[in-house]
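Here is the structure we will look at.
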Amino acid sequence: MRGPYDLVRARPEPGFEISVDGVGVPVIPGQTIGAAMHGAGIRSWRTTRFGGRPRGLFCGIGVCFDCLVTVNGVPSLRACLTEARPEDRVTTGAAGDTGDTGDTGDSGDTAEIGDPGDLGDDGGSDGGGAVSGP
Ligand code: FES
């Protein structure tokens with residue numbers, strides 16, 4: 001049976017592991033930390049300041065700031081944009097645990113992973129600005 005690499009004739013370099021909260025996560029060279037975590041089944045890794053709602057990859061393109069992690073002691077990096085490097089040590093947690101101030105653009109009004117019906121219906125009670133109409 002042909003796999004995805006066969007279909008595009010890709011020959012990726014040997015993979016490596018990063019540490020996410022002390023647990024090894026496999027990485028294909030070139031993957032972002034967010035992609036590696038998602039591939040390992042990690043869907044949320046921090047919570048909002050207010051309400052403690054789960055956050056992980058949402059936009060996947062660096063816009064929503066829902067995917068913040070600490071990498072090698074550097075806080076508030078977007079996992080969806082940060083390329084994984086061998087020996088990276090990633091720590092996750094709530095906004096305060098990642099060392100950020102909570103003012104880094106936590107969208108607050110984005111839906112929880114797997115809950116598309118929740119978009120913007122709470123008036124921003126999670127700390128982000130409310131989505132307002134024209
Ligand atoms: S998932 Fe939106 S900024 Fe990373």
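At least 1 residues being surrounded by 14 or more Cβ atoms within 10 Å (Cβ to Cβ) and within 16 Å of the ligand (Cβ to nearest atom) is the threshold, and among the strands (runs of 3 or more DSSP E) wholly inside segment 1-92 those reaching it are 16-20, 68-71, 74-78, 89-91. Can you find even one residue in segment 96-106 that is at pLDDT below 95, among the hydroxyl-bearing types (Ser, Thr, Tyr) and away from the ligand (no atom under 15 Å from the Cβ)? Checking segment 96-106: at least one residue is at pLDDT below 95, among the hydroxyl-bearing types (Ser, Thr, Tyr) and away from the ligand (no atom under 15 Å from the Cβ). Annotation note: of 10, 40, the sole residue that is farther than 13 Å from residue 90 by Cα and at pLDDT below 90 is 10.
Considering (1) within 16 Å of the chain's Cα centre (by Cα); (2) touching a residue at least 40 places away in the same chain (Cβ under 8 Å), the lone condition that residue 16 does not fulfil carries the number (1).
The values are calculated or read from the model by the stated rules, or taken from the named source; none is laboratory data. All figures in this text were calculated on a predicted structure; none of them were measured in a lab. Note that each Cβ is placed from the backbone with ideal geometry, even for glycine, and that neighbours are counted across all protein chains shown.
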